[in-house]
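J.: Quick one: the structure is below, questions incoming.
The values are calculated or read from the model by the stated rules, or taken from the named source; none is laboratory data. This one's a predicted model, so the numbers in the text were calculated from it and none came from an experiment. A quick note on method: Cβ atoms are made from the backbone with ideal geometry, for glycine too, and the neighbour counts reach across all protein chains shown. Remember, those area values only see protein heavy atoms, side chains included, never the ligands or the DNA or RNA. Shrake-Rupley method; radii C 1.70, N 1.55, O 1.52, S 1.80 Å.
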Amino acid sequence: MTATNLENIIARGHYLIINKNETYLIHQISNKAILKLGRDVIDLKAAIGQPFSSTYKLEPMPEKKRHYSLVICNDSQARNQWSTNGCGTDNKLITDDSSSQLLSTDEIIALKESGESGQNIVERLLENSKTFQLKTEYAQEKYLKKKARKYCDYLTIFKPSIRLITDVLYKQQTLPKTIALRFDTLAQILCRVNLDPGGKYLLYENGSQGLLQAALLNQLHDNGCLVHIFSSTSEQNALRAVKAMNFSETKMKQMLTVSLNEILNTKNEDNVPEEKDDKDVPNCSDEKKRKSDEAYTQIKKKHRPITSTDGLNFIRSNKFDGLIVVCREEPTEFVKILLPYLSLSRPFVIYSAYREVLVTIYAEFKMRRDVVFLRLTDNFMRYHQVLPNRTHPDVTMDDGGGFLFSGLFVAGTK
């Protein structure tokens, strides 16, 4: 079996994208191969050695409640089909109350715990519904999709991709701890930076859980390089998206990590530090020192990136083809520090969830002579339902795409 084929086979230690009930999650398959979804426990051993994008049926284990094993099946088996036996012309005679369903909640739970399949449970719900036959064809289809999603006993395991990981992280956002990058915003960032597979790129990022690093590494060829600059505010799970992509060790070596403090020290290493009088140094009480030591200890406990000597030397000896800044804090000073490391006529892109931050940078950079082609944009995206006689924009939408500020670094004086 070739290396390409092995990459498409599920193995222990791999990260997976699991889809159940139209809910996607990132999961690493461990040696025990156990997945916990709410109160359900699923044994994934049957999926090991199978190709990605396979669909499995959840088979209840008779000796344990809410424990399931996997049985591989095809997509046609996973598509539930129920006979409707006619429909109504409108829904005006339907009363929305709890009396339309004859089965009680306890009876439905008992059916599920007894090991009844999801398709049989939905059939029982249809048989005991007093209003289902009165619904219109569209209303019946909507009702069946809702019940199938709730009682579905099938799941699909996908190979991680940037698009799927972006969607999962976006739905699991926890503001303000993480940055919610939508997939269209990520695509705009890669487009604005004019990504070259063999280029050298500088990235200052914290808060996106490694989504930018994963997207850049996925596009870079063997001769490309990425330098990730981090600060003391980097989150604990900084490389979640990078790990989820199952990159090889060779690919991971293309990413170098450097602390922003190390870059500042490098720029000031030739400067002679000024002597400070004791009276200029603020006195700290013992209580403040104790709190400072405790905070430092907590920071050390977190799994932060480690500055690599190769990365620092690489920055000193090279000019870069693009700069990307995606962070939670105000980015103006970071951009000023990192811009000189760009080659001439190379792009830079800054992302922020707040327009006011980028408007301030835009006004300041308009006064500079070493940056041109400045653009400040707002991404807008809306999903549309495309069905026969029912094509329309979604009623609910998310306007949290964020804002982008981009330009070109050229020769000139400030």
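J.: Determine which member of the set 117, 104 is at pLDDT 80 or above and more than 25 Å from the chain's Cα centre (by Cα). Walk me through it before giving the result.
T.: Details: 117 fails: at pLDDT 80 or above.
Going through 117, 104 in turn, the sole match is 104.
J.: Give me the strands (runs of 3 or more DSSP E) completely within the range 320-414, filtered to those with at least 3 residues that are open to solvent by less than 20 Å² (accessible area, probe 1.4 Å) and in contact (Cβ under 8 Å) with a residue 60 or more places away in the chain, ordered by residue number.
T.: On the way: elements: 322-326, 346-352, 371-378, 403-409.
Because the criterion is at least 3 residues that are open to solvent by less than 20 Å² (accessible area, probe 1.4 Å) and in contact (Cβ under 8 Å) with a residue 60 or more places away in the chain, the strands (runs of 3 or more DSSP E) in the range 320-414 that meet it are 322-326, 346-352, 403-409.
J.: Based on what the data block shows, is residue 65 modelled with pLDDT under 90 and open to solvent by 70 Å² or more (accessible area, probe 1.4 Å)? Please lay out each step first, then the result.
T.: Working: modelled with pLDDT under 90: yes; open to solvent by 70 Å² or more (accessible area, probe 1.4 Å): yes.
The answer is yes for residue 65.
J.: Being touching an Asp or Glu at 6+ places or on another chain (Cβ under 9 Å), modelled with pLDDT under 85 and either over 11 Å from residue 155 (Cβ atoms) or among the aromatic types (Phe, Trp, Tyr) (or both): is that true of residue 1 here?
T.: Details: touching an Asp or Glu at 6+ places or on another chain (Cβ under 9 Å): no; modelled with pLDDT under 85: yes; either over 11 Å from residue 155 (Cβ atoms) or among the aromatic types (Phe, Trp, Tyr) (or both): yes.
No.
J.: Would you pick out the residues in the range 84-142 that are outside any loop (DSSP other than H, G, I, E, B), in contact (Cβ under 8 Å) with a residue 40 or more places away in the chain and of a type in the set (Ser, Thr, Tyr)?
T.: 138
J.: List pairs: first in the range 242-257 and charged (D, E, K, R), second open to solvent by 30 Å² or more (accessible area, probe 1.4 Å) and modelled with pLDDT of 90 or more, Cβ under 7 Å, 6+ apart or cross-chain?
T.: 243/15
J.: A follow-up question, please. Name, by its number, the condition in (1) open to solvent by less than 10 Å² (accessible area, probe 1.4 Å); (2) farther than 24 Å from residue 354 by Cα; (3) in contact with a strand residue (DSSP E or B) (Cβ under 6 Å, 6 or more places away or on another chain); (4) not acidic (Asp, Glu) that does not hold for residue 199.
T.: (3)
J.: Mind counting the residues in the range 22-44 that are part of a loop (DSSP other than H, G, I, E, B) and open to solvent by 40 Å² or more (accessible area, probe 1.4 Å)? I'd like the intermediate steps shown before the answer.
T.: Initial filter on the range 22-44 (part of a loop (DSSP other than H, G, I, E, B)): 22, 29-33, 38-39, 44.
In the following step, the residues that additionally are open to solvent by 40 Å² or more (accessible area, probe 1.4 Å) were identified as 22, 30-32, 38-39.
Here the count works out to 6.
J.: Search the range 151-183 for residues being in a helix (DSSP H, G or I) and exposed (fewer than 14 other Cβ atoms within 10 Å of the Cβ), and hand back the single one that is modelled with the highest pLDDT. Walk me through how you get there before you give the answer.
T.: Taking the range 151-183 as the starting set, the residues that turn out to be in a helix (DSSP H, G or I) are 151, 162-171, 183.
Then keep just the ones that are exposed (fewer than 14 other Cβ atoms within 10 Å of the Cβ); that gives 163, 171.
Numbers: 163: 93, 171: 84.
In this case the residue turns out to be 163.
J.: Does residue 17 count as outside any loop (DSSP other than H, G, I, E, B), touching a Pro at 6+ places or on another chain (Cβ under 8 Å), at pLDDT 90 or above and β-branched (Val, Ile, Thr)?
T.: yes
J.: Out of curiosity, is residue 93 over 33 Å from the mean Cα position of the chain (by Cα), at pLDDT below 80, open to solvent by 40 Å² or more (accessible area, probe 1.4 Å) and not hydroxyl-bearing (Ser, Thr, Tyr)?
T.: Details: over 33 Å from the mean Cα position of the chain (by Cα): yes; at pLDDT below 80: yes; open to solvent by 40 Å² or more (accessible area, probe 1.4 Å): yes; not hydroxyl-bearing (Ser, Thr, Tyr): yes.
So residue 93 passes the test.
J.: Same structure, new question: Can you name every residue in the range 35-72 that is without any contact (Cβ under 8 Å) to a residue 12 or more places away in the chain and within 16 Å of residue 19 (Cα to Cα)?
T.: 36, 38
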